[in-house]
1. Just to be sure before I move on: is Val30 touching a Phe, Trp or Tyr at 6+ places or on another chain (Cβ under 6 Å), at pLDDT 95 or above, surrounded by 14 or more Cβ atoms within 10 Å (Cβ to Cβ) and among the hydrophobic types (A, V, I, L, M, F, W, C) in the structure I sent?
2. Pull out all pairs, ordered by first then second residue, where Cβ-Cβ is under 6 Å, the residues are six or more apart or on different chains, the first lies in region 194-221 and is more than 13 Å from Trp167 (Cβ to Cβ), and the second is among the hydrophobic types (A, V, I, L, M, F, W, C) and part of a helix (DSSP H, G or I).
3. Could you pull out the residue among Leu169, Leu146 that is part of a helix (DSSP H, G or I) and closer than 20 Å to Phe21 by Cβ?
4. Write out, first by first residue and then by second, each pair whose Cβ atoms fall under 7 Å of each other, whose residues are 6+ apart or on separate chains, and whose first residue, in region 136-157, is loosely packed, with under 12 Cβ neighbours inside 10 Å while the second is modelled with pLDDT of 95 or more.
5. Are there any pairs, at least 6 apart or on different chains, whose C-beta atoms fall under 7 Å, with the first in region 92-118 and on the phi > 0 side of the Ramachandran plot and the second at pLDDT below 90 and open to solvent by less than 50 Å² (accessible area, probe 1.4 Å), and if so, which?
Amino acid sequence: MKNEKAVVVFSGGQDSTTCLFWAIKNFKEVATVTFDYGQRHSAEIECARKIADELGVSFKVLDMTLINQLSANALTRDDIEVTAEEGALPSTFVPGRNHLFLSFAAVYADAIGSRHLITGVSQTDFSGYPDCRDTFIRSLNVTLNLAMDKQFIIHTPLMWLDKADVWELSDTLGALDFVQEKTLTCYNGIPSTGCGECPACLLRNEGLARYKAKKLAGAVE
């Protein structure tokens, strides 16, 4: 893979930034593609842009605001409360988001001569989102190859990692401080450790605490 080009589906959050560092390590050339889908905070896109610039990779924003014409959710509507009730899809679920994002990312990858797509989805910490599961990614990979008569490979470095494991991976890649300080995961648009109260911050910060405890105990190689 070292001599090939990859496209990272990039939001500027913890997971996709860790994937970006993973891609830079494993591919000769890396491009990022970010999606404007009318998310609450435009700061997310600017954060992604700054990270891409700092790491010296290309940055492309695609307009996907048409999603807002079809569904209502807490990530695109500030009048919908962020909830995550057991047994129900979180209010932050955007129907079809990863399906659409990866499909458009594949078109972009084809246009720039890449067959590798990288996304930070995880079945271990998937928050109930069905389009973060391994079966969906595998299915979509086959569909994209059939639809475009190509041989794309969708890489999911975080698929079987929980949040503590993701922090460990970023540390292994020499990017722990960078990811901790410069990414934006918070549903309220606050970078770094965020608001500390929304589900995204709780998951991120609890994972960091577990990883630091594991490292302090000498359980990290």
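1. Working: touching a Phe, Trp or Tyr at 6+ places or on another chain (Cβ under 6 Å): no; at pLDDT 95 or above: yes; surrounded by 14 or more Cβ atoms within 10 Å (Cβ to Cβ): yes; among the hydrophobic types (A, V, I, L, M, F, W, C): yes.
The answer is no for Val30.
2. What qualifies is Gly194/Cys201; Cys195/Cys201.
3. Details: Leu146 fails: closer than 20 Å to Phe21 by Cβ.
Of Leu169, Leu146, the one residue that is part of a helix (DSSP H, G or I) and closer than 20 Å to Phe21 by Cβ is Leu169.
4. Going by the 7 Å Cβ cut-off, the qualifying pairs are Gln151/Arg115; Gln151/Asn145.
5. From region 92-118, no pairs qualify.
The values are calculated or read from the model by the stated rules, or taken from the named source; none is laboratory data. Just so it is clear, the structure is predicted and the values come from calculations on it, not from any experiment. So basically every Cβ, Gly included, is an ideal-geometry build from the backbone, and we count neighbours across all protein chains shown. Only protein heavy atoms, including side chains, enter the accessible area calculation; ligands, DNA and RNA are left aside. Shrake-Rupley method; radii C 1.70, N 1.55, O 1.52, S 1.80 Å.
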